[in-house]
Amino acid sequence: MNLTLTLIITLGAPLLILLIVILSDKFREPIDLILKTFFMGILLCLVAGQLNSLLIPSFEYSYIAGFTEETLKFLALFFYIRPKKAFDEPMDAIVYGTIISLGFATLENFFYVYDPGDPEVSSLVIAIVRSLSAIPLHATCGVIMGYFFGLYAFSGSRILLIKSLLIPMFTHAFYNYLTGSSIFLWLFLLLAAIFYASNLHKKLSNLQRNKTIEQEKKIINE
């Protein structure tokens, strides 16, 4: 029973958030691109694992993962999603940014749950804790990155492009840093980030509500 419940929570938490974000889009994205983007996120998790093993000597430096992981997600959004024909309005960047992040988080979650560093902590406990912390954090970073990236793609503002990388990057890095120090600051940061990302998502949802067609002209196509 515990094994089944652990698996459901491990895979279910990221997939549930992913489904909510996909369905929140008034103009649904193509299924094939959703699946390809999700598996790209999984692949990036493997790449990040190799980079982090080289760059992070011990747990005290876990904040470095925020820089490597968010940069990889950003590069996928910039080079893979940006040129796609289906990416034709700002909300799409939130959807695809979150898909990349949660593809990444799904595999990462599996590794943490089924290869725990502390054998005294059960896999079920790890799955539950991560479903309430690390998984929402990854989703939050995906929403924030997507929001600013979407505005950049349809305005051409370099400041927005920089924000789309730096804000999730430092949010993730501070989250990791606080994990090993203050539980109160860590929780405050997580809740504040979730609240911030929810407001950004709501802004684009409100803009989308009055649209009759999806397509907008991208400023940045190359």
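Only one of the numbered conditions (1) open to solvent by 10 Å² or more (accessible area, probe 1.4 Å); (2) within 23 Å of LYS203 (Cβ to Cβ) is violated by PHE111, and that is (2).
Within the stretch 77-95, identify whether any single residue is open to solvent by less than 70 Å² (accessible area, probe 1.4 Å), within 30 Å of GLY180 (Cα to Cα) and free of Cβ contacts under 8 Å to residues at least 40 places away in the same chain, and answer yes or no. No; the residues of the stretch 77-95 include none that is open to solvent by less than 70 Å² (accessible area, probe 1.4 Å), within 30 Å of GLY180 (Cα to Cα) and free of Cβ contacts under 8 Å to residues at least 40 places away in the same chain.
Screening the stretch 148-200 for residues that are of a type in the set (Val, Ile, Thr) and in contact (Cβ under 8 Å) with a residue 60 or more places away in the chain and picking the one that is farthest from LEU77 (Cα to Cα) gives THR179.
Looking only at the stretch 84-115, residues that are within 13 Å of THR37 (Cα to Cα) and not in a helix (DSSP H, G or I) come to 3 in all.
Taken over the stretch 55-76, the criterion of being free of Cβ contacts under 8 Å to residues at least 40 places away in the same chain and either over 16 Å from THR98 (Cα atoms) or open to solvent by 40 Å² or more (accessible area, probe 1.4 Å) (or both) is satisfied by LEU55, ILE56, PRO57, SER58, TYR61, THR68, LEU75. Of everything in the stretch 178-215 that is open to solvent by less than 70 Å² (accessible area, probe 1.4 Å) and not in a helix (DSSP H, G or I), the residue that is nearest to VAL21 (Cα to Cα) is GLU214. Checking each residue in the stretch 171-181 for being farther than 15 Å from GLY142 by Cβ and touching a helix residue (DSSP H, G or I) at 6+ places or on another chain (Cβ under 9 Å) picks out ALA173, PHE174, ASN176, TYR177, LEU178, THR179, GLY180. From the list ILE128, ILE144, the lone residue that is open to solvent by 60 Å² or more (accessible area, probe 1.4 Å), under 25 Å from GLY41 (Cβ atoms) and part of a helix (DSSP H, G or I) is ILE128.
Annotation note: of ILE31, ILE99, the sole residue that is touching a Ser or Thr at 6+ places or on another chain (Cβ under 7 Å) and under 26 Å from TYR147 (Cβ atoms) is ILE99. Mind listing just one residue for me: the one in the stretch 147-161 that is in contact with a helix residue (DSSP H, G or I) (Cβ under 8 Å, 6 or more places away or on another chain) and not in a helix (DSSP H, G or I) and, of those, surrounded by the most Cβ atoms within 10 Å (Cβ to Cβ)? Among those residues, the one meeting the criterion is PHE154.
The values are calculated or read from the model by the stated rules, or taken from the named source; none is laboratory data. Please read these numbers as outputs of a predicted model, since none were measured by experiment. Every residue, glycine among them, receives a Cβ derived from its backbone with ideal geometry; neighbour counts consider all protein chains shown. Only protein heavy atoms, including side chains, enter the accessible area calculation; ligands, DNA and RNA are left aside. Shrake-Rupley method; radii C 1.70, N 1.55, O 1.52, S 1.80 Å.
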